[in-house]
1. Could you size up the charge dipole of the chain around its Cα centre, putting +1 on the beta carbon of Lys and Arg and -1 on that of Asp and Glu, and report it in debye to the nearest 20?
2. What are the extents of the Cα atoms of the stretch 77-156 along their three principal axes, in Å, largest first?
3. For residue 3 and residue 129 in one chain, what is 0.36 nm times their gap in residues minus the Cα-Cα distance, to one decimal in nm?
4. Build a GNM of the chain with springs between Cα atoms under 10 Å: which of 139, 115, 21 gets the top mean-square fluctuation?
5. Treat the stretch 25-69 as a sphere of radius equal to its Kirkwood radius over Cα pairs and apply Stokes-Einstein at 37 °C in a medium of 0.692 mPa s; give the translational diffusion coefficient in µm²/s, rounded to a whole number.
6. Can you show me the helix-derived [θ] at 222 nm for the chain, built from DSSP H runs with n ≥ 4 at -39,500 (n - 2.57) apiece and divided by the number of residues, rounded to the nearest 500.
7. Picking from 98, 14, 72, which is most flexible by a Gaussian network model of the chain using Cα springs under 10 Å?
8. Which cross-chain or sequence-distant (5 or more) residues have an amide H under 5 Å from the amide H of residue 6, H modelled 1.01 Å from N in plane?
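Readers should treat all values here as calculations from the given coordinates under stated rules, not as data from a laboratory. All values derive from a computational prediction rather than experimental measurement. All Cβ positions, glycine included, derive from the backbone under ideal geometry; neighbour counts span all protein chains shown.
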Amino acid sequence: MVKVLFVCLGNICRSPMAEAVFKDKVREAGLNGKITTDSAGTGDWHTGNPPHEGTLGILKKNSIQSEGLQARQVDKGDLQKYDYIIGMDAENVGNLTRMKGYGDSGEIARLLDFVDDGKEDDVPDPYFTGNFDYVYELVEEGCTKLLAHIREKEGL
């Protein structure tokens, strides 16, 4: 089982959006049972809360299920449990890299590192910009490319 964790700052906008989009892509590819996914935040401000209404709205608009999404904070155990730990921006990746210890197996990368000709390096935080449509476009493309990368690397 390949385990993927998406991480942003508060786990109410970008990372739950990526989790839901990626789950949808995994299901469409017939890879349920082979790839599992979750999301978390580097901060604990929103722990236990559902995603931001903007995230829920854009997921609904695109017919992507959002049931069961609940904010939580990333912990040290996640770096050992997950094979792919995908940050939404350089700050998230920096925080995750500082947490990572010797022997932690998870590959840490930014979501948009998998997009060769991307117009952005980081997925901007719509909590501050309000631009959930643009963030969805970036997340959708990033998740498509990430799934292709995982399929190739893991032989799925």
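1. Approximately 500 debye in magnitude.
2. 38, 30, 18
3. The span from residue 3 to residue 129 would gain 42.4 nm if fully extended.
4. 115
5. In µm²/s, the coefficient is 264.
6. Counting only the DSSP helices, I get -13000 deg cm²/dmol.
7. Greatest mean-square fluctuation among the candidates belongs to 98.
8. Amide H to amide H, under 5 Å and 5 or more residues apart or across chains, residue 6 pairs with 38, 39, 40, 86.
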